[in-house]
Amino acid sequence: MPKAAITATGHYVPPDVYPNAWFEQRLDTTDAWIRSRTGIAERRFASEGGASDLALPAARRCLEMRGIEAAALDCIIVATMTPDRPIPSTAAILQAKLGAINAWGFDLAGACSGFVYALVTATKLVEGGAARRVLVCGADRMSSVVDPTDRATAVLFGDGAGVVLVEMSEDDEVGVFEHVCHMDGEGATALYVPAGGSLIPADAESVAQRRHFVVQDGATVFRAAVVGMAEVIAELLKRADLTLEDVAWMVPHQANRRIIEAVARRLGLPLERVVINLDRYGNTVAATIPLCLSEWHDDGRLAYGDRIVLAAFGAGFTSGAVYLRWAIGA
Ligand code: COA
């Protein structure tokens, strides 16, 4: 069976670093609380631009790594919960900025599972012959939807983008092998933005009531994320006929270090084989997993043929996991 593979990566975070101390001066919080309850030490916030401006430099690096022009792309998928605008899609805006004149594309709203959903979609487009080269972007400017006065959410998120290129693998040994995706809409109000959509369009009242910011029941999301992520990984391993000993790296969505540790503990996976960078970036939502992949690749920590499991959980509730073997660096 022909397989699609990730053949290049790129990432971008804005230059301005906001350490926990920055919040200590503005909110009733401490560096010690944030570190111990989340594992986050600092994050980046963009001073201007939208999700497309975060994705653009990451996409350019990805194309550069592969040594192709933007015109060689035939599809762009942008996973994001912070699109530049309701319309047109951020994919269309990015297409123009990149000069990807031969690409169609769309945005995908899967929140923190957005990148996994987009990667699965791209894989199937490529394997089905509908596209040859799909640029899969996870990009979120969370600082645009997080209430800076709410200590329970303000400290958790950051801005960033990660991009991968998906195309047919010429090598049977590597590529995207298996996936599992789930959704449980019963969790819809545990993590959501109340206004700004068709249900409650923006008006003076919705703005005055601060209803355009992320609202979260942190404890409910925490519990659901631990159980959901552990379950989706276990299901994936079973489907792929893999054991944890086979897995070189687990790349979890980066929301909270305690969630990642609890998932690893449930599975019996040593933390040395779990990719973690949320201490430096916080939760960048759709960007976390490709940002990890790109960073670990750049640092030379991913080797050709490595068995890698990606796993995500997020608003919706959504969840998903992918098993792949690293195709870069043969
Ligand atoms: N600084 C200090 N105290 C804070 C705080 C902060 N930044 N944020 C919240 N608190 C307080 C709460 O107000 C609460 O105070 P109270 O007991 O007086 O009401 C107290 O800390 C404990 O809150 P609790 O929710 O039990 O803390 P927690 O250990 O569960 O951690 C989160 C809170 C938000 C870090 C945690 O629930 C979490 O990470 N949830 C999942 C979030 C997530 O991953 N979202 C993305 C989806 S993938």
Students often check this: by mean Cβ neighbours within 10 Å, which of 114-120, 54-60 ranks highest, and how do the rest follow? 114-120, 54-60
Run the simple label-point estimate for residue 21 and residue 109 please: 7 Å along Cα→C-beta, distance reported in nm. 4.0
Rank-order 9-17, 286-294 by packing density, defined as the average count of other C-beta atoms within 10 Å over each peptide's residues, highest first. 286-294, 9-17
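Sorting check: for 133-139, 268-274, 99-105, which peptide has the highest mean count of neighbouring beta carbons within 10 Å, and how do the rest follow? Kindly include the intermediate steps, with their values, before the conclusion.
Details: 133-139: 30.9, 268-274: 12.7, 99-105: 17.1.
The peptides rank, most packed first, as 133-139, 99-105, 268-274.
Per the Kirkwood formula on distinct C-alpha pairs, the Rh of the chain is how many angstrom? List each step's numbers first, then the result.
Numbers: mean 1/r = 0.0509 Å⁻¹.
One over the average 1/r among Cα pairs gives 19.7 Å for the chain.
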Using θ = phi - 60° and Karplus 6.51 cos²θ - 1.76 cosθ + 1.60, couplings along region 104-116 (whole Hz; Gly, Pro as x): 9, x, 6, 8, 10, 9, x, 6, 6, 8, x, 5, 5
For the chain, which whole-number percentage of the solvent-accessible area (1.4 Å probe, protein heavy atoms only) is attributable to carbon and sulfur atoms? 51
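Do any chymotrypsin sites (Phe, Trp or Tyr not before Pro) in region 219-324 lie in a loop, going by DSSP, with at most 14 other beta-carbon atoms within 10 Å of their beta carbon, and if so which?
Details: sites: 222, 249, 281, 296, 304, 313, 317, 323; in loops: 304, 317.
Passing both the DSSP loop test and the Cβ count: 304.
So what is the orientation-averaged projected area of region 4-168, using the convex hull of its C-alpha atoms, in nm²? List each step's numbers first, then the result.
Working: hull surface 38.2 nm².
For the Cα atoms of region 4-168, the hull's average projected area reads 9.6 nm².
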Can you send over the solvent-accessible area of residue 245, 1.4 Å probe, protein chains only, in Å² to the nearest 10? 140
Whole angstrom only: what separates the Cα centroid of region 187-251 from the Cα centroid of region 24-54? 19
Could you give the nm distance between label points at residue 32 and residue 68, where each point is 7 Å from its Cα heading toward the beta carbon? 5.3
With a probe of 1.4 Å, find how much accessible area the chain has per residue, and write the answer as a whole number in Å². 42
Please report the accessible area of residue 182 (heavy atoms, 1.4 Å probe, ligands and nucleic acids excluded) in Å², nearest 10. 80
Area of residue 3 that stays accessible when all protein chains are in place (1.4 Å probe, Å², to 10): 30
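The values are calculated or read from the model by the stated rules, or taken from the named source; none is laboratory data. This structure is a prediction, so every number in the text was calculated from the model and none was measured. Glycine gets a Cβ as well: all are built from the backbone with ideal geometry, and neighbour counts include every protein chain shown. We work out accessible area using only protein heavy atoms, side chains counted, and drop any ligands, DNA or RNA first. Shrake-Rupley method; radii C 1.70, N 1.55, O 1.52, S 1.80 Å.
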